[in-house]
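Right, one structure below, let's go through it.
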Amino acid sequence: MGSMREIKQRINATGKTSQITKAMHMVSASKLKKAERNIVAFRPLTKRLSATLSHVLASDNALSHPMLEARAIHKTVYIVISSDRGLAGPYNASLFKAFDHYVKQHHQSQDEFVVAAIGFKAFNYAKRKQYALLNPSVIQVRDDVQFLDFQSLSDTFIKGYLKGDYDKIVVFYNRFINTMNQKVEHQTLVPMALNPDIETKKEEGITSLYVFEPGAEVVLNDLMPMYVVNVLYGMILEAKASEYAARMTAMKNATDNAKELIRTLKLQYNRARQDAITIELTDIIGGANAVN
């Protein structure tokens, strides 16, 4: 047990830390609500793009696109979506652990893949592991993430895929399930494993028909990159919501642990104070007996 002064200093320091973690918990909870609204608002757009793409492909069975055709895999691009800051519990560590496990299972050499890091933590992780990076600088995942933040990166890997420099693009991210659960997932972005389900409305035996101008092939060529970028954007929104949820949970646990530590330290402080009083009383009584 330390001295009363040391214990008092620890109580004050822990109390200040508790105030900080409590404030971070409240901020993360507020940002999580906004992130959930963004996800809910964005999902209809992805669904509509998927439906439009399905109708284009259904209009002509001969239609095809390089992003839909599987080919021999010689070079893979891994898009790893992390956070810019820490203090989010196992959010980043679980992501990097899953990515390492996947790479060890599917690759013999680092020359077989390149990493596109989205987020400061992912960028530092890739540099520490000495992975080849597709983006030369950090792409930050700010709170109000926009298409412009990763537009240059998406243009790079889409053009590289169409030119044949890359044969597969896989995204690693945390999918938001609820406040307490976030699941690390990987999804093949290009080529699409399956075409989106064809959505047709049949009313009284009448099937909807679509006319594409200037032509179905032109529409498909313009729609495919747009669809891929929007799917990636949706994953970034999922990852951002997961980050806030993980940070909120971590800060709540930190605040609870700090309060528990303060209670323990106060007990130690009271015991130390009682011991000091007992020693003083013993000295006074001993001195009085000596005088008598």
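Extension gain, residue 33 to residue 6: 0.36 nm times the residue separation minus the Cα-Cα distance gives 5.6 nm.
Counted by neighbouring Cβ atoms within 10 Å, the residues 101, 25, 186 run from fewest to most as 101, 186, 25.
Per DSSP H run of n ≥ 4, the term is -39500 (n - 2.57); total these for the chain, divide by its residue number, and report the mean residue ellipticity at 222 nm rounded to 500 deg cm²/dmol. Helices in the chain give a 222 nm mean residue ellipticity of -22000 deg cm²/dmol. For the chain, a Gaussian network of Cα nodes joined below 10 Å ranks 49, 63, 95 by mean-square fluctuation, and the top entry is 63.
What the phi angles of segment 229-243 give under the Karplus curve with 6.51, -1.76 and 1.60, with θ = phi - 60°, is a coupling list of 5, 5, 5, 5, 4, x, 5, 5, 5, 4, 5, 5, 5, 5, 4 Hz, glycine and proline written as x.
Computed over the chain with a Gaussian network model linking Cα atoms closer than 10 Å, the most mobile of 92, 178, 12 is 12.
Summarising the amide proton neighbourhood of residue 190: residues at separation of 5 or more, or on other chains, whose placed amide H is nearer than 5 Å comprise 169. Comparing Cα centroids, segment 134-189 and segment 1-73 end up 13 angstrom apart.
Rounded to whole numbers, the Karplus 3J(HN,Hα) couplings from phi for segment 9-24 are 5, 5, 4, 5, 5, 5, x, 5, 4, 4, 5, 5, 5, 5, 5, 5 Hz, using 6.51 cos²θ - 1.76 cosθ + 1.60 with θ = phi - 60°, and x at Gly and Pro. Across the cross-link table entries 47/121; 33/252; 129/259; 47/240; 31/163; 121/163, which are compared at the Cα atoms, the separations over 28 Å belong to 47/121; 129/259; 31/163; 121/163. Annotation: the residues 223, 232, sorted from fewest to most other C-beta atoms within 10 Å of their own C-beta, follow the order 223, 232. An ellipsoid equivalent to segment 1-127, defined through the eigenvalues of its Cα gyration tensor, has semi-axes of 46, 25, 9 Å when rounded to whole angstrom and sorted largest first. Placing unit charges on the Cβ atoms of the charged side chains and taking the dipole of segment 26-249 about its Cα centre, the candidate lying farthest along the positive direction among 191, 122, 77 is 122.
Amide H contacts of residue 116 (H built 1.01 Å from N, in plane; Pro and chain starts excluded): 78, 79, 80, 134 sit under 5 Å, all sequence-distant by 5 or more or on other chains. Shape annotation for segment 26-249: C-alpha extents along the principal axes are 56, 43, 29 Å, from largest to smallest.
Taking amide H as placed 1.01 Å from N in the peptide plane, the amide H of residue 83 sits under 5 Å from that of 121, 122, each at least 5 places away or on another chain. Exposure proxy shown here: for 147, 212, 123, the number of other Cβ atoms within 10 Å sets the order, fewest to most, as 147, 212, 123. Applying the criteria of a DSSP loop state and at most 15 other Cβ atoms within 10 Å to the trypsin sites (Lys or Arg not before Pro) of segment 79-184 yields 85, 129, 142.
Each value in this text was obtained by applying a stated rule to the coordinates, not by laboratory testing. Given the structure is predicted, the values throughout are model-derived calculations rather than measurements. Glycine also receives a Cβ, built like all others from the backbone with ideal geometry; neighbour counts cover every protein chain displayed.
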